[in-house]
Amino acid sequence: MTATDPALTALAQGWCALSLLHGRIEAHIERALQAGHDLSVREYSLLDVLGRQHAGEGGHLQMKQVADAVVLSQSATTRLVTRLEDRGLLSRYLCPTDRRGIYTDVTEAGRTLLEQARPTNEKALREALDQAATNPELVPLVRALEAHGVPA
């Protein structure tokens with residue numbers, strides 16, 4: 001294959017379209033969450049991931065798992081956790097069975113903010129997808145996203 005191979009060019013164009021769609025969606029959601037709840041997309045994502053933890057077996061996530069879920073490095077995730085903890089939205093405590101482990105839980109204030117922000121996030125996502133669907137290059141990606149969560 002050469003650099004001008006049509007298959008490579010199409011793949012690169014697809015990647016550019018996906019990157020464009022992601023950037024537009026994230027920027028739209030960011031504006032909505034900041035304006036309505038003083039939350040960034042990353043902060044919302046972290047609260048959402050941690051809010052889905054449970055007390056049962058395997059219910060608490062290790063920091064690496066959290067970092068992977070919010071697509072950040074472990075150090076960036078730790079800084080984000082600290083920032084939300086300083087705002088009273090998260091709390092940390094030692095794992096009762098392994099004193100080296102530290103768990104992070106969403107506080108009541110964090111749960112309240114998450115529940116208030118969830119409809120804003122969903123509405124902004126829908127708006128961003130609807131806007132993207134007006135661009136013929138992005139329509140297949142929008143449709144694939146919409147079909148992703150639909151049960152067969």
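The values are calculated or read from the model by the stated rules, or taken from the named source; none is laboratory data. The shown structure was predicted, so the numbers you read here are calculated from the model rather than taken from an experiment. Neighbour counts run over all protein chains shown; Cβ positions are idealised from the backbone, glycine included. Areas reflect the complete protein model, heavy atoms only, side chains present, ligands, DNA and RNA absent. Shrake-Rupley method; radii C 1.70, N 1.55, O 1.52, S 1.80 Å.
Matching residues to (1) part of a helix (DSSP H, G or I); (2) under 20 Å from Thr107 (Cα atoms); (3) touching a residue at least 40 places away in the same chain (Cβ under 8 Å):
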position: Ala10; (1), (2), (3): yes, no, no
position: Leu47; (1), (2), (3): yes, yes, yes
position: Leu72; (1), (2), (3): no, no, no
position: Ser75; (1), (2), (3): yes, no, no
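Condition check ((1) part of a loop (DSSP other than H, G, I, E, B); (2) at pLDDT 95 or above; (3) touching a strand residue (DSSP E or B) at 6+ places or on another chain (Cβ under 8 Å); (4) closer than 30 Å to Ala10 by Cα) across all residues:
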{"residue": "Leu80", "(1), (2), (3), (4)": "no, yes, no, no"}
{"residue": "Arg83", "(1), (2), (3), (4)": "no, yes, no, no"}
{"residue": "Thr112", "(1), (2), (3), (4)": "no, yes, no, no"}
{"residue": "Glu122", "(1), (2), (3), (4)": "no, yes, no, no"}
{"residue": "Arg126", "(1), (2), (3), (4)": "no, yes, no, yes"}
{"residue": "Gln131", "(1), (2), (3), (4)": "no, yes, no, yes"}
{"residue": "Glu137", "(1), (2), (3), (4)": "yes, no, no, yes"}
{"residue": "Val150", "(1), (2), (3), (4)": "yes, no, no, yes"}
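Remark: pairs (first residue in the range 118-134, basic (Lys, Arg); second residue in a helix (DSSP H, G or I); Cβ separation under 8 Å; 6+ apart in sequence or on different chains) = Arg118/Asp48; Lys123/Ala32. Only one entry of Leu46, Leu20 meets the criterion of being open to solvent by less than 60 Å² (accessible area, probe 1.4 Å) and under 30 Å from Leu141 (Cβ atoms), and that entry is Leu46. Scanning the range 27-39 for residues that are free of Cβ contacts under 8 Å to residues at least 24 places away in the same chain and either on the phi > 0 side of the Ramachandran plot or crowded, with 16+ Cβ neighbours inside 10 Å (or both) returns Glu30, Asp38.
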